[in-house]
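Before any comments, here is the structure.
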Amino acid sequence: MAALWHLVVGRPLRSSETEGEQITPVEGLSALSLDALTSVAYGPEAIIVVLAAAGAGALHLVLPVTLVIVGLLALLVISYRQVIDAYPGGGGAYAVSRANLGHGASLVAAAALVVDYTLTVAVSVSAGVAALTSAFPALVSATVPLCLAVLALVTALNLRGLGETARAFLLPTLVFIGGLLAIIAVGLVHPLALHAAQPGRSLLPSHATEVVGILLLLKAFSSGCSALTGVEAIANGVPLFREPRVARAKRTEALLGSILGVMLVGLAVLAQRWHIGPRSNQTVLSQIMGEAVGRHWAYYVVSLTTTVVLALAANTSFGGLPVLASLLARDDYLPHLFGLRGDRQVFANGIWVLAGLAAILLVVSGGNTNSLIPLFAIGVFTGFTLSQTGLVVHWRRTRPPRWWLRATLNATGAVVTGIATVIFLVTKFAEGAWVVVLAVPAFVWLFVRIHAYYHGVAEALGIDQVPERPHGRRTVVVVPVTHVSRLTERALSEALSMGQRVEAVSVAIVAPGEQVPAVGSTPIEDLWRQWDPGVPLTVLPTEYASVVRPVVAYIDELVAAEADADVVVLIPAVAPSHLRHSTLHNHIDFVLSNALRNRSDVVVARVTEPVEPPREASPEPR
């Protein structure tokens, strides 16, 4: 099993080998920026779906709404480059809020990021599968299984390490960026299939159901802002970059903003020029590509690449959430196991939990991207608002050169993203945003409860306080045995080296109609006298089927009688050489260990004897 696992995730890495898992700015595009880059597959579509409610005449507004979103993108990129400068340890909104706004605000930021990262994985995977089913409609019925298969693949790759994953994703990322920019250029200069028939049927309403007004524009803006998710991931994952980390992370942030801004504006121009509207089983991006280059090899290459890269965009969350979870664990707001690195020097527990939460979302939503979009941007924009508000406080406190200019910029960003967050809540609440409104406080409550538990444990154990000098006590070791064997001999040898008094106990089950055996009359006692190991044996008769009950009762009596001594229960166990042989043993050791594991007055230990069965034919039963 260990060999198979290492085949899947790779061999264990030394701490000195972690440098190979750190990333460059270009690798940062595939490791931490795919979420934002691939949002062009669903961000413009989200705007068009909202505007379509007012009829075809409202589709000309897609470009103005997109330009406002791109302006907000520029503001966020500048802001998060400042976050990278000020907090190079990672954590993004959580780190900024914790340092400047207090623990309450930092927990809200952390909860919002957890929700955002989980939704990012679900939306990215479902959008990737949607791109695939747009190109191959026969696969629509297999949407959920395809989503779960892609999620399993991305999870396995991230368990191998971020650096290796980034390099594996780099080629499809570059093909996606280059291919989509080329299609936009062809569409702007000389479209090849402008009047070709599009598959699917138009979903534009015959009669407008909404009036073009401020509310509709706000709804379109809030939906399109899903294209800005992922902008914060680079600031959250600064420790993942090679040295000089800050410079490389800032370079990646600028590269992301430039590429994403160009693609969003280009797609909006084409969508407005060609009056692109929602169609059945066709994404907006698929329609634009079909009209720009026709449904030939170029369309299918970019479609398949889009599918791959959209699915891989979940990697952004797999790079960010485990780091965030490790910081929360360090601050006692999550279980400490989230701060432990696995064999591949990654925070594997965070990866597993993220994959599980995303799988639940994909199954519940049926892999439908549009049903997840209303939940999507609230969490990340909450983080945007808190991080920029925190930066204003940071600049006022530290007052570097021209601090007022930075503070003004961040204050403007905080106001804009705060207004956007309110718009999301108002316009998307009934469509499912209420789930996020409940989820964020639930996570905050969980963080607080975990922190309170760790605080109580620290007080109870006196952590970081100088305790009394340790002193030894007499030790009594109890060895439960079932027969005389080499395993029994080894267990007694270990027990004699551990304590001043050793006692062996065995259980004799009395069958119905039988008399309780007299002391010294059982077969094991006869053999014990012949062996004479120098350790007394006590046989505990019982009419019950359980052998654990009489042993526990004996230990209770011993603990009461030896109040001035430590009692150790040393349980012998067989360790088969093959996993398939483990079911052939009764595992009384596990049952007894489980019965004693919560006892504070007993120390429980196991001694194992490896067993390699002979290869020759088994002897006849005796």
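If Ser387 meets every condition in (1) touching a Gly at 6+ places or on another chain (Cβ under 9 Å); (2) modelled with pLDDT under 85 apart from one, which number is that one?
(2)
Just to check your reading of the model, which residue among Ile423, Ile450 is surrounded by 15 or more Cβ atoms within 10 Å (Cβ to Cβ), in contact with a Leu (Cβ under 8 Å, 6 or more places away or on another chain) and under 26 Å from Leu391 (Cβ atoms)?
The unique qualifying residue is Ile423.
Does region 115-128 include one or more residues that are farther than 30 Å from Pro441 by Cβ, over 14 Å from the mean Cα position of the chain (by Cα) and of a type outside the set (Asp, Glu)?
Yes, there is a match, as at least one residue in region 115-128 is farther than 30 Å from Pro441 by Cβ, over 14 Å from the mean Cα position of the chain (by Cα) and of a type outside the set (Asp, Glu).
Confirm whether Leu194 is at negative phi and part of a helix (DSSP H, G or I).
No; evaluated as a whole, the condition is false for this residue.
With the requirement that a residue be under 24 Å from Ala58 (Cα atoms) and surrounded by fewer than 17 Cβ atoms within 10 Å (Cβ to Cβ), what does region 253-264 give you?
Val262
Looking only at region 118-137, decide whether some residue is at pLDDT below 85 and surrounded by fewer than 18 Cβ atoms within 10 Å (Cβ to Cβ).
yes
Confirm whether Pro523 is more than 16 Å from Thr475 (Cα to Cα), at pLDDT below 90 and surrounded by fewer than 14 Cβ atoms within 10 Å (Cβ to Cβ).
yes
Mind checking which residues of region 474-488 are under 12 Å from Ile571 (Cα atoms) and of a type outside the set (A, V, I, L, M, F, W, C)?
Within region 474-488, Pro480, Thr482, Thr488 meet the criteria.
Can you find a residue that is in the same structural domain as Gly383 (by TED's automatic domain parsing), over 10 Å from the mean Cα position of the chain (by Cα) and modelled with pLDDT under 90 anywhere in region 345-352?
Looking for residues that are in the same structural domain as Gly383 (by TED's automatic domain parsing), over 10 Å from the mean Cα position of the chain (by Cα) and modelled with pLDDT under 90, one finds at least one in region 345-352, hence yes.
Which helices (runs of 4 or more DSSP H) does region 1-90 wholly contain that include 3 or more residues that are in the same structural domain as Val121 (by TED's automatic domain parsing), more than 30 Å from Thr283 (Cβ to Cβ) and at pLDDT 85 or above?
By residue number, 62-86.
Quick check on Val114: is it within 21 Å of Ser39 (Cβ to Cβ), touching a residue at least 12 places away in the same chain (Cβ under 8 Å) and either touching a Phe, Trp or Tyr at 6+ places or on another chain (Cβ under 7 Å) or outside the structural domain of Gly320 (by TED's automatic domain parsing) (or both)?
yes
For (1) without any contact (Cβ under 8 Å) to a residue 24 or more places away in the chain; (2) within 27 Å of the chain's Cα centre (by Cα); (3) under 16 Å from Thr229 (Cβ atoms); (4) surrounded by fewer than 20 Cβ atoms within 10 Å (Cβ to Cβ), each residue gets a yes or a no:
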| residue | (1), (2), (3), (4) |
| --- | --- |
| Pro64 | yes, no, no, yes |
| Val68 | no, no, no, yes |
| Gln82 | no, yes, no, no |
| Tyr87 | no, yes, no, no |
| Val108 | no, yes, no, no |
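Can you pull out the residues in region 553-571 that are within 16 Å of Ser506 (Cβ to Cβ) and surrounded by 17 or more Cβ atoms within 10 Å (Cβ to Cβ)?
Within region 553-571, Tyr554, Ile555, Leu558, Val569, Leu570, Ile571 meet the criteria.
So which residues in region 561-574 are farther than 21 Å from Val548 by Cβ and either free of Cβ contacts under 8 Å to residues at least 24 places away in the same chain or in a strand (DSSP E or B) (or both), if there are any at all?
The answer is Ala563, Ala565, Asp566.
The values are calculated or read from the model by the stated rules, or taken from the named source; none is laboratory data. If you're wondering where the values come from, they're calculated on a predicted model, not measured in any experiment. Please note: Cβ atoms are built from the backbone with ideal geometry, for glycine as well, and neighbour counts cover all protein chains shown.
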